[in-house]
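The values are calculated or read from the model by the stated rules, or taken from the named source; none is laboratory data. If you're wondering where the values come from, they're calculated on a predicted model, not measured in any experiment. Cβ coordinates were reconstructed from backbone atoms using ideal geometry, including for glycine residues, and neighbour counts include every protein chain displayed. Ligands, DNA and RNA are stripped out before the accessible areas are found, and what is left, the full protein with its side chains, is counted by its heavy atoms. Shrake-Rupley method; radii C 1.70, N 1.55, O 1.52, S 1.80 Å.
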Amino acid sequence: MNIRKKGVFFKKNMPVFPGYVFLAATILDAKLYKKLKSTKGFYRFLPNNQNPSPLFGRDLMLLQHFISFGNLAGISQVCFDENDRIKILAGPLKGLEGDIVKVDKRKGRAKIKLDMYTDSFLIDFGFEILENIGKAKTNENTQ
């Protein structure tokens, strides 16, 4: 993500799910459950400690979507149409257009709302504007 501090822009890697640890296991037996619960900094299982359950459906698809980009999700490439609506061309925001709740062109960030189990949270993703479709069409019409 591009961060501006005291007028200077720099790139900073930010976690997609800060504070979350996702565990791939076939079963969560009592021994593993106790070991995880006793780990320093552990807070809780999702959806709750009494009934931890695996991710499935859309939750699992979202996690797999972000994992598919490797260790770093990277910056999405976008353009804006003639009505100034964002269009995702490539990157981690691709396919999540309906989840975008706020776009800040100046900062190059899009805020998306993710729902996992019953929790909703907002995550910022960086983007770079490749070309505005509306401007490209205007330029083509003037030539």
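Can you confirm whether the range 56-69 contains a residue that is open to solvent by 90 Å² or more (accessible area, probe 1.4 Å), within 28 Å of K12 (Cβ to Cβ) and either among the small types (G, A, S) or part of a loop (DSSP other than H, G, I, E, B) (or both)? No, because not a single residue in the range 56-69 is open to solvent by 90 Å² or more (accessible area, probe 1.4 Å), within 28 Å of K12 (Cβ to Cβ) and either among the small types (G, A, S) or part of a loop (DSSP other than H, G, I, E, B) (or both). D29 meets the conditions (1) among the charged types (D, E, K, R); (2) free of Cβ contacts under 8 Å to residues at least 24 places away in the same chain; (3) surrounded by 11 or more Cβ atoms within 10 Å (Cβ to Cβ) in every case but one. The failed one is (3).
Would you pick out the residues in the range 1-55 that are part of a loop (DSSP other than H, G, I, E, B) and within 18 Å of F125 (Cα to Cα)? Of everything in the range 1-55, those that are part of a loop (DSSP other than H, G, I, E, B) and within 18 Å of F125 (Cα to Cα) turn out to be M1, K12, N13, M14, P15, V16, F17, P18, G19, Y20. Pairing each residue of the range 71-89 that is over 17 Å from I123 (Cα atoms) with any residue that is assigned to a loop (DSSP other than H, G, I, E, B) and among the polar types (S, T, N, Q), provided the two are 6+ apart or on different chains, yields C-beta distances under 8 Å for C79/N132; F80/N132; D81/N132.
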